[in-house]
Amino acid sequence: MVLSLQQTIQYTDHALQTLAGTLARLTQSDFGSVEYSGLELIKYYLNLLENNFSGYPWQIVTSYTIAMTCIIMLVVLFMLFLFRVWRHQRRKKKEKEIYEYYSDKFHLILGSAETLTHEEILEMLGQTEDDIRKNDTYYYANILEEARMAMYEIVCLPNMQTLATSLGVVDRFTFQLLKHKDVFRTLQMLLMLQITVNEGLLANFVNHTNREIRMMARLNYITCSRNIPYRYLITELNEEQSLYRPMILNYVFGWMMFQERLMPNFLNLADRVTNEDSAAFLVREVAYWGKENEKEEVKNYFLDERLKVRSAAIEVVAMLGDVNAEEKLVESYFMQPEHIRQEVLRALLSLNSGRQTEFFKKAYEISSSRETHVVALQCLYQYGNSGRRLFEIMRSQADEETRKLIDQVDSAVLLEQLQVL
């Protein structure tokens, strides 16, 4: 049976309409469109992907999956990078604005010799408590740190504690210690800014397994404790000496004296400490913060069995300019090793009483060390007019080899003096 063209078109149109009706019934229900949710939605897309790749080898499917995953990850990482850059720039801008507003005011408050109240500080800042709370205390802490470093020559800033409390910085540090968050940095900031917190907050850290955290907590305990500030000091000093500890302890002792707090007996501690470096450090502290009786007793350490303590005691006498200790210093000279003899000679030069001209000559004559010869001649050369005259007499009477050494010392000292000028 042969169909005409018009009949063929009619049958084709009818078939398409039937197919469209079938698809519509598959996606329609009595209640409207089918909506996938939960696991059904996931299954739908999984089936869709499976159907799309059903005709491809597994190698192509795997490669396509890896490539798409990498592209998606790169897009996500790039977006995160842009977000972090934006956040960093925003934070820097905010920090600059806060610094420009508060920096000069903080310097003015901290530089005041009068003790200010919380209300007076707010008035000088031109802010209310609500205004201050709008900013992250992180910014305030950084500005306080910068201000403290700029005023490092001032031993104690009497308004630091009140200012930090008003700004919420003390609360920030307290929270960080309670939550064990950024502990070392927090303890370091407490010491640098000379801020005190409840000593109970330090209990978890004074015996911490981390050496640096343990040290910082024990040093903070000195400033924070009102009852037994030096409870952990000997234990700490018996541990290995670091470059940082002597500097910060000197800083802490100065603050304690300014606050009229209980000061340690440095010489008594030096006798009890087993670490020789720490004992020498304690003896040196007598020159800065020691009591008068300690300054008088320091000359008794010229012949201490610990050589570093001897050197420290000699250095203290030179720093204090204690001429009364000069005779004992001279007596100890002959019982010292060569390197400490040189320190004794330099200390006598520093005291410059004018009574040791002949002693310098004698030290030169009896020594078997060339270094001690040089130090004795240098001290004699710089020991006033009497020392210079004797130096020239020794040069005129010396043999050729000795005269060369004396000429070298003369040139070296003269060159040092010119460099100072």
Cβ crowding within 10 Å averaged over residues, with 109-117, 40-48, 133-141, 168-176 ranked highest first: 168-176, 133-141, 109-117, 40-48
Where does helix 39-52 land angle-wise versus the long Cα axis of the chain, in degrees 0 to 90, nearest 10? 80
Over segment 155-231, with the other protein chains present, what is the accessible area per residue in square angstrom, probe 1.4 angstrom? 42
Accessible-area ranking of Trp58, Trp255, Trp86, Trp289, largest first, probe 1.4 Å: Trp58, Trp86, Trp289, Trp255
Could you work out how far the C-alpha centroid of segment 271-309 sits from that of segment 80-148, in angstrom? 43
Sort Lys92, Lys299 from largest to smallest accessible area, using a 1.4 Å probe on the heavy atoms of the protein chains. Lys92, Lys299
Would you mind checking Lys328/Lys404; Lys308/Lys404; Lys134/Lys181; Lys291/Lys361 for any pair whose Cα atoms are more than 27 angstrom apart? Lys328/Lys404; Lys308/Lys404; Lys291/Lys361
Just to confirm my numbers, what's the Cα centroid distance between segment 318-354 and segment 372-400 in Å? 18
How much length is gained on full extension from Met124 to Ala67, taking 0.36 nm per residue of separation minus their Cα-Cα distance? 14.4 nm
Angle between the Cα long axis of helix 58-110 and the longest principal axis of the chain, 0 to 90 degrees, nearest 10? 40
As I understand it, the value is the acute angle between the Cα axis of helix 183-193 and the longest principal axis of the Cα atoms of the chain; what does it come to in degrees, rounded to 10? 50
Taking R0 as 51 Å and r as the Cβ-Cβ distance between Glu239 and Leu414, the FRET efficiency 1/(1 + (r/R0)^6), rounded to the nearest 0.05, comes to 0.65
Surface share of carbon and sulfur [accessible, 1.4 angstrom probe, percent] for the chain: 56
With n ≥ 4 as the cut-off for DSSP H runs, can you work out [θ] at 222 nm for the chain, using -39500 (n - 2.57) per run divided by the number of residues, rounded to the nearest 500? -23000 deg cm²/dmol
Counting only heavy atoms of protein chains, what accessible area per residue, in Å², does segment 333-395 have with a probe of 1.4 Å? 48
Residue separation between Lys134 and Arg272 times 0.36 nm, minus their alpha-carbon distance, gives in nm 44.6 nm
Mind listing the Cα extents of segment 135-261 along all three principal axes, in Å, largest one first? 42, 33, 28
q = 0.10 Å⁻¹: log10 I(q)/I(0) that the Debye formula gives for segment 291-421, counting C-alpha atoms only: -0.33
Value of Rg to Rh for the chain (Rh from inverse mean 1/r over Cα pairs, i.e. Kirkwood): 1.36
Listed peptides 99-105, 340-346, 263-269 by packing density, highest first (mean Cβ within 10 Å): 340-346, 263-269, 99-105
Residues other than Arg84 with Cβ under 11 Å of its Cβ, Lys/Arg counted +1 and Asp/Glu -1, net out at +3
Going highest first, how would you order 74-80, 402-408, 143-149, 183-189 by mean Cβ packing within 10 Å? 183-189, 143-149, 402-408, 74-80
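The values are calculated or read from the model by the stated rules, or taken from the named source; none is laboratory data. Because the structure is predicted, anything quoted here is derived from the model rather than measured. For neighbour counting, all protein chains shown are included, and Cβ atoms are generated from backbone atoms with ideal geometry for every residue, glycine included. Keep in mind that these areas ignore ligands, DNA and RNA; they rest on the heavy atoms of the full protein, side chains included. Shrake-Rupley method; radii C 1.70, N 1.55, O 1.52, S 1.80 Å.
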